[in-house]
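Everything on this sheet refers to the single structure shown next.
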Amino acid sequence: MNRKELNEIRNHFNPEAKYFTMDRVLTAFVDSQRNVRGVNIRNAASIPAPESQILYDTMKKVLNVNLGKQSSELPFRNHAYGEDGAQTRLANLLQSELKQEDVALSFLGAMAEQIDSDAPYAVLLAYCQYNPPRKNKMDELETDFTDQVFRYIVAALCPIAKTEGVLVYNQFDDEILRQENPNAVISKAPADGFFYPVFSDRATDVHHVLYYTKTPNTPNEKLIDAFLECDVETTVEEDQADMKQVLGTLLGDDLTYETVTAVNEKLTEIVAKNKTDDSPTEVTGRILHRMLAEAGVPEEKLVDTEKVFEEHVETSLKPERLVAPKTVIKTPEIVVNVKNQAKNKVRLDKINGRHCMVIELDDALIEVNGYDLKVPGVLDPDTPTPWSE
């Protein structure tokens, strides 16, 4: 399932979409003792519009198109296909179309037991159908349909917080009073979620599940490993650390500002291409060798690139996890944020024996702490500078 396919599902996940219907919605509460409570299954059409919109908006967040970072397509392990396996549970729930309460309760009970969460959470789950329109040679959607209806379930697991007493205005008594709120508030931002089956080659793929997490560096390992029966991927932080280790081992002191920013530029290009490619590119030792060569690193430094990469990385790295949205330069006392398009305006140099960072300015006006300041004129060559004293 690539980003383009996931984006197609996401774009048609709304009550006004002509090729999409949400048939039934399940809501439930799981308390801190892992008891499933408040289970309610309703026809989506019967839910009042204000509540329905919140459900749509919350579950849509699970269809996050940031594949490789917040969303990951995971294959099931072999046991998942057994009688009590995760893939079988998901397939049975999908087949039931949320019409069989016993199937839904069994599914929720297994989830509550295997996730083993100490904190309460809400489950918002929907059974949906998407009738994919055909595509023409220009990759544009046609008006007629394909022969296959894509049926799926999407689930959002939302944290719950109990609000404290608040001050409210009582219009009847014309005064402000403290009012207790005994209800728990369900977050509109899911902590985790999943989407099954996945939509690959614009068709049903029952061998994978899409997992979503709000926090890429702290995925819900219990949900992935125990309940969904998939292998837990490395975190974004771990992948970035592996990449740093590879570049540090390979180039050492020859790793320059220009090399780091050039590699990030290449990663940005791959990420942009992956948004529409049917087979997204991942970073391997061979791909890294090419990126470094294009960044100007001498070939003699790159002889062992693939070997070093294999020593520190199991197979490959997703570029979406490695790309930096901006260039950040840090010293113990100073942090400089540079937009990637302005990276060439910064250089590291040695001036009068001092290590310096030189920033090229387009004009003589800058802002410091909200104040507009004019940069002083060009110094006389013989005028002492702060770094020469």
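Bear in mind these aren't lab numbers, they're just calculated from the coordinates by the rules spelled out. Computed from a predicted structure; not experimentally measured. Here Cβ is always computed from backbone atoms with ideal geometry, including for glycine, and neighbour counts include all displayed protein chains.
Observations
- Label of the coordinate-derived value, log10 I(q)/I(0) by the Debye sum over Cα atoms at q = 0.07, 0.08, 0.09, 0.11 Å⁻¹, listed as (i) -0.48, -0.60, -0.73, -0.95; (ii) -0.66, -0.75, -0.81, -0.96; (iii) -0.33, -0.43, -0.55, -0.83: (i)
- Figure legend: label point modelled 7 angstrom from the Cα of residue 49 along Cα→Cβ; residues of the stretch 13-30 with amide N under 14 Å from it are 15-16.
- Under 24 Å from residue 188, Cα to Cα: lysines that are on another chain or at least 8 residues apart: 60, 61, 69, 162, 214, 222
- Computed from label points 7 Å out along Cα-Cβ, the spacing between residue 183 and residue 363 is 5.3 nm.
- Computed label-point distance, nm, for sites residue 110 and residue 77 using a 7 Å Cα→Cβ extension: 1.4
- The stretch 1-59: GluC sites (Glu not before Pro) in DSSP coil with no more than 15 other Cβ atoms inside 10 Å: 16
- Placed amide H near residue 2: partners under 5 Å, 5+ positions off or other chain: 201
- Sequence-ordered 3J(HN,Hα) estimates for the stretch 233-249 from the Karplus curve with 6.51, -1.76 and 1.60 and θ = phi - 60° stand at 6, 5, 7, 4, 4, 5, 5, 5, 5, 4, 5, 4, 5, 4, 5, x, 5 Hz, glycine and proline given as x.
- Phi angles across the stretch 100-113 convert, under the Karplus curve 6.51 cos²θ - 1.76 cosθ + 1.60 with θ = phi - 60°, into 3J(HN,Hα) values of 10, 5, 5, 5, 5, 5, 5, 5, 5, x, 5, 4, 4, 6 Hz, Gly and Pro given as x.
- Evaluated over the stretch 236-322, the count of Lys pairs having alpha-carbon atoms less than 16 Å apart is 7 (only pairs 8 or more residues apart or interchain).
- Taking each residue as 0.36 nm, the span from residue 342 to residue 232 lengthens on full extension beyond its C-alpha to C-alpha distance by 35.9 nm.
- Working note: Karplus 6.51/-1.76/1.60 with θ = phi - 60° gives the stretch 41-50 the couplings 10, 9, 5, 4, 5, 8, 7, x, 3, x Hz, where Gly and Pro are set to x.
- If you take the Cα centroid of the stretch 172-222 and the Cα centroid of the stretch 287-342, the two points sit 34 Å apart.
- Gaussian network model of the chain, springs between alpha carbon atoms under 10 Å - residue of 93, 302, 288 with greatest fluctuation: 302
- Per-residue ellipticity at 222 nm computed for the chain from its helices equals -8000 deg cm²/dmol, with DSSP H segments shorter than 4 residues left out and the rest contributing -39,500 (n - 2.57).
- Stretching residue 40 away from residue 374 to a fully extended chain increases their span by 113.8 nm, per 0.36 nm per residue minus the current alpha-carbon distance.
- Remark: spin-label model distance residue 275-residue 118 equals 4.1 nm, labels positioned 7 Å along the Cα→Cβ axis.
- Here residue 18 and residue 300 are evaluated by their C-beta separation; at R0 = 56 Å the FRET efficiency comes out at 0.40.
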